[in-house]
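Below is one structure, written out as structure tokens; the observations come after it.
The values are calculated or read from the model by the stated rules, or taken from the named source; none is laboratory data. All values reported here derive from a predicted model rather than from experimental measurement. Virtual Cβ from ideal backbone geometry, glycine too; neighbours counted across all protein chains shown. Just the protein is used for accessible areas: all its heavy atoms, side chains included, with ligands, DNA and RNA removed. Shrake-Rupley method; radii C 1.70, N 1.55, O 1.52, S 1.80 Å.
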Amino acid sequence: MRATAIAHPNIALIKYWGKRDEDLILPVAGSLSMTLDTVATRTTVTLGGERDTFTLNGEAAQGGSASKVFRFLDRVRSLAGSHTPAAVVSHNDAPTAAGLASSASGFAALALAASTAYGLELTPRELSRLARRGSGSACRSTVDRFAVWHAGTDDETSYAEQIDAPDMRMIVCEINAGPKAVSSRDGMLLTRDTSPFYTEWAPSTERALERMIAACQAGDFTRIGELTELHAMRMHALTMTTEPPLRYLAPASFAAFDAIAKLRADGVEAYGTADAGPNVVAISRPADAERVAAALSEFGKTHIAAPGRGAYLAADGSGEAA
Ligand code: DP6
């Protein structure tokens, strides 16, 4: 009747950008990410009451974010054969504008808390598929450390699972840059509808993913880094070809990428990536992370994340710790 789950954001090394099915949230290509051990969403779902409610960081949520949560609860109820409303109380410890997509940790935590509260016993694959329905990238935050999201061809075959990769760190640099970006969801639609380069994006991403999986399996950090930066640049190049152009990176983002290249020239292996916003995330070997963070600190607040756990139940809620 009540469950609390915790989940962390993830940052993709091979990006998800574009859906083949908007309702099922099936991506046009697979992707690969690291789940962070920093920043958490903690969500408690309690069954009962007159109607669904959603409280985020102590305030009653309304509008788009609340209706996404309520639609998600409808999905869980239909799986569970229940009509009972629920209270969702969620806390995200990301500092405001941390630039870490809260939708991934948010829907991963909600998927686990809600499915547990409604008495569903989902396999890891089913949990990942359920989280995907809230936000595509959330299916990767149910997985420990490194996740491959198989694009699949239908609801059953589109899910994330763990992949081995060498230990590394992500250095998150919060670059503050003016007005809020267009959401990933809207940006993906605009790309599909207006970019003349979109047709090549999915096949080239699948090829990049195959190479990335091989590099992970070989434990080849250098190759992982090169492919990470390459794929991020391709995604941002693609968004800049929409009409109107979507430019997520700011001048300071490019300066941060230059600083990362300079580190490499100085013998510190770091590589950069960026999601749908100006923040830059570098990857490095564990021993180099402090030095990379120091080099990026002039562009914004930085923090270092290690590979973290996929969504898990809190030991104090109902249900056992997973
Ligand atoms: C640039 O998962 O937030 O971060 O499925 O529409 O909710 P929806 O989109 P979302 O998109 C994430 C896009 C990205 C790349 C990535 O995380 O792979």
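Values computed for the structure shown
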item	result
Charge-dipole axis of the stretch 169-305 as Lys and Arg at +1 and Asp and Glu at -1 on Cβ define it, positive-most pick from LEU227, PHE254, ILE171	ILE171
Separation of the THR153 and SER297 label points, Cα + 7 Å toward Cβ, nm	5.3 nm
Theoretical FRET efficiency, 1/(1+(r/R0)^6), r = Cβ-Cβ of ASP23 and PHE254, R0 25 Å, to 0.05	0.10
Accessible area per residue in Å² at 1.4 Å probe, computed on the stretch 181-294	45 Å²
Label point 7 Å beyond Cα of ALA287 along Cβ direction - residues of the stretch 215-238 with amide nitrogen under 15 Å	221-222
Rounded to the nearest 20 debye, dipole of the chain from Cβ charges on Lys, Arg, Asp, Glu	300 debye
Label-point gap, in nm, between GLU226 and ASN176 - each point 7 angstrom along Cα→Cβ	3.8 nm
Burial ranking of peptide ranges 45-56, 269-280 (average Cβ count within 10 Å, highest at the top)	269-280, 45-56
Net lengthening on full extension, THR194/ALA306 (0.36 nm per residue, minus Cα-Cα)	36.6 nm
Accessible area in square angstrom per residue, the stretch 2-165, 1.4 angstrom probe	39 Å²
For the stretch 169-305: rounded, prolate or oblate by the Cα gyration tensor [a/c cutoff 1.5]	oblate
Partners for LYS68 among aspartates and glutamates (Cα-Cα distance below 13 Å; same-chain residues under 8 apart left out)	ASP23, ASP52
Total charge dipole magnitude, the stretch 2-165, about the Cα centre, Cβ charges on Lys, Arg, Asp, Glu only, Debye to nearest 20	160 debye
Net charge, VAL148 excluded, C-beta distance under 11 Å - Lys, Arg +1, Asp, Glu -1	-2
Carbon and sulfur %, accessible surface of the stretch 2-165 computed with the full protein complex present, 1.4 Å	48 percent
The stretch 169-305 - percent of accessible surface contributed by carbon and sulfur, probe 1.4 Å	55 percent
Net +/- balance of residues flanking TRP201 in space, Cβ distance below 14 Å, scoring K and R +1, D and E -1	+3
Cβ-placed point charges (K, R +1; D, E -1), dipole of the stretch 170-265 about Cα centre in debye, nearest 20	120 debye
